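The values are calculated or read from the model by the stated rules, or taken from the named source; none is laboratory data. If you're wondering where the values come from, they're calculated on a predicted model, not measured in any experiment. Cβ placement follows ideal geometry from the backbone for every residue including glycine, while neighbour counts extend to all protein chains displayed.
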Amino acid sequence: MTVKNMTVKEITNKVLNNEELFLLDVRTEDAYQDWKIEGENFAYLNIPYFDLLDGVEEIVDQLPKDKEIAVVCAKGGSSQMVAEMLVEEGFENVYSVEGGMKAWSEHLEPIKVNDLKDGGELYQFVRIGKGCLSYMVVSNGEAAIIDSTRMTDVYVDFAKELGVKITNVFDTHLHADHISGGRKIAEQTGAKYWLPPEDAGEVTFDYQPLRDGDHVTVGNTNIDIHALYSPGHTKGSTSFVVDDQYLMTGDILFIDSIGRPDLAGKADDWVMDLRETLYTRYKELSDELIVLPAHFMIMDELNEDGTVAEKLGTLFEKNHGLNIDDQDEFRKMVTENLPPQPNAYQEIRETNMGKISPDNEEQREMEIGPNRCAVR
Amino acid sequence: MNVTKTLDATGLACPMPIVKTKKAMKDIEAGEVLEIHATDQGAKADLTAWAKSGGHELLQTEEDNGVFKFWIKKGE
């Protein structure tokens, strides 16, 4: 018997449109508690597939008859089995999520943020399952990519479709939660790969050092990418001011939280760097800049069009992490009671330094789970 | 360790390692030990959780060249 599949792209649309969906998650309870598909109007039931091998009779009463049910597992095999059993029980609107949580973790949804002043365009790539955000700045036949994920084909194909050439690739810092695709894209396209040198002390490859005050132009219409040294999440963390309108904050400042300083091992040393960046360096910038972070943590941070973006001035009013007057209290917040560290974050850092070269399957496993780069 | 039966589930993807394990457990008696070999990355967490929910005891796990080995003692 064949079961209808639902793609992660279709689920993404349901999330962005606030549609209803009943998710039957058949992974283990631990895996489900750690990380699941989040949607405003999604309902959930978690029963491990191995408890359903003898039949689904016991859960039939807990499933809606009149709604779409999507069965999801780690990779799509077990969900198909369970979905087939449900179809045999007479459920009609049952789907198996194609590729499971792995596909969910890897899906990138490109959303246009806006047109740029001189005819260019800015796109945000929302990695909805993991909360990573990356960017493409397009102008006059050229493209720059910022904080790319390891799904490099998505960016390369997107640029191809737009008919533009990728000329510059940036990472705002050495990432600890996801594997960067920056170096691979640069090798593939001949683009320059920029990294802040303070984060690149141990890297095993050549790169273009990104320093405070550097300007890089995209296209001959002068879309300006202005590097702003903003340490705190890592020693080298660098923000970008794009086209005098957008502030790409990397993992320093998010919409509803701020960066955590402990993932590269030096929480105590970097607390004051983080405070200086957030409370002094950013304060000197225009309130009108639109903040574009490298992550989101919760669905509430998404705007109605699916983008993650907010005015810097609004964040200074509303983001709790920007409103802690007392230094000791700030220090406590960013060093104590931190959320668990991202899955395999040490191996991810080593991969991004070029020290280890895990294969695709291993890279996938390393990135499983939420990103957890922030403190609230 | 006294292994009563060995199950080769290498090369199989979810849910097959557990489906086969469950079946193999039917062929042994309570207190006897089943040795399982699997290559699916998810097998470790799943077999651990499955053994617990089924009242079996996961005695030992080992990783050898990409092959995960499990020893599960059948429960009463």
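Residues in the range A:44-58 that are away from chain B (no Cβ under 11 Å) and free of Cβ contacts under 8 Å to residues at least 24 places away in the same chain: A:Tyr44, A:Leu45, A:Asn46, A:Glu58.
Each row is one residue, and each column tells you yes or no for (1) modelled with pLDDT under 95; (2) of a type in the set (Phe, Trp, Tyr).
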{"site": "A:Tyr44", "(1), (2)": "no, yes"}
{"site": "A:Leu53", "(1), (2)": "yes, no"}
{"site": "A:Leu86", "(1), (2)": "no, no"}
{"site": "A:Val94", "(1), (2)": "no, no"}
{"site": "A:Leu116", "(1), (2)": "yes, no"}
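Residues in the range A:134-165 that are under 19 Å from A:Asp224 (Cβ atoms) and surrounded by fewer than 19 Cβ atoms within 10 Å (Cβ to Cβ): A:Asn140, A:Gly141, A:Lys165.
Of all the numbered requirements in (1) of a type in the set (D, E, K, R); (2) within 13 Å of chain B (Cβ to nearest Cβ); (3) within 25 Å of A:Phe296 (Cβ to Cβ), A:Lys112 misses one, and that requirement is (2). Among the residues of this structure, A:Glu350 does not count as one that is exposed (fewer than 13 other Cβ atoms within 10 Å of the Cβ) and either modelled with pLDDT of 95 or more or not assigned by TED's automatic domain parsing to the domain that holds A:Thr12 (or both). Those strands (runs of 3 or more DSSP E) of the range A:95-171 in which 1 or more residues are under 14 Å from the mean Cα position of the chain (by Cα) and β-branched (Val, Ile, Thr) occupy A:109-115, A:121-127, A:142-146. Of all the residues in the range A:7-51, those that are touching a Cys at 6+ places or on another chain (Cβ under 8 Å) and in a strand (DSSP E or B) number 1.
In this structure, is B:Ala51 touching a Leu at 6+ places or on another chain (Cβ under 6 Å), within 14 Å of another protein chain (Cβ to nearest Cβ) and not in a strand (DSSP E or B)? Break it down into steps so the answer makes sense when it comes.
Working: touching a Leu at 6+ places or on another chain (Cβ under 6 Å): yes; within 14 Å of another protein chain (Cβ to nearest Cβ): yes; not in a strand (DSSP E or B): yes.
For B:Ala51, the condition - touching a Leu at 6+ places or on another chain (Cβ under 6 Å), within 14 Å of another protein chain (Cβ to nearest Cβ) and not in a strand (DSSP E or B) - is met.
Among the residues of the range A:172-201, the ones that are over 24 Å from A:Asp157 (Cα atoms) and over 24 Å from the mean Cα position of the chain (by Cα) come to 1 in all.
All conditions but one from (1) surrounded by 22 or more Cβ atoms within 10 Å (Cβ to Cβ); (2) within 14 Å of chain B (Cβ to nearest Cβ) apply to A:Ile11; the one that does not is (2). Restricting the range A:52-84 to residues that are over 27 Å from the mean Cα position of the chain (by Cα), hydrophobic (A, V, I, L, M, F, W, C) and outside any loop (DSSP other than H, G, I, E, B) leaves a set whose member that is surrounded by the most Cβ atoms within 10 Å (Cβ to Cβ) is A:Ala83. Once the range A:221-236 is narrowed to residues that are modelled with pLDDT under 80 and part of a loop (DSSP other than H, G, I, E, B), the residue that is surrounded by the most Cβ atoms within 10 Å (Cβ to Cβ) is A:Thr221.
Scanning the range A:340-376 for residues that are in contact with a Ser or Thr (Cβ under 8 Å, 6 or more places away or on another chain) and part of a helix (DSSP H, G or I) gives A:Thr351, A:Asn352, A:Gln363, A:Arg364, A:Met366, A:Glu367. In the condition set (1) part of a helix (DSSP H, G or I); (2) crowded, with 20+ Cβ neighbours inside 10 Å, A:Lys332 is compliant with all but (2).
Among the numbered conditions (1) at pLDDT 95 or above; (2) within 10 Å of chain A (Cβ to nearest Cβ), tell me where B:Leu34 comes up short. All conditions pass for B:Leu34, except number (2).
This table checks each residue for (1) hydrophobic (A, V, I, L, M, F, W, C); (2) within 23 Å of A:Met299 (Cβ to Cβ); (3) without any contact (Cβ under 8 Å) to a residue 24 or more places away in the chain.
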position: A:Gln124; (1), (2), (3): no, yes, no
position: A:Ser134; (1), (2), (3): no, yes, no
position: A:Glu161; (1), (2), (3): no, no, yes
position: A:Gly181; (1), (2), (3): no, no, no
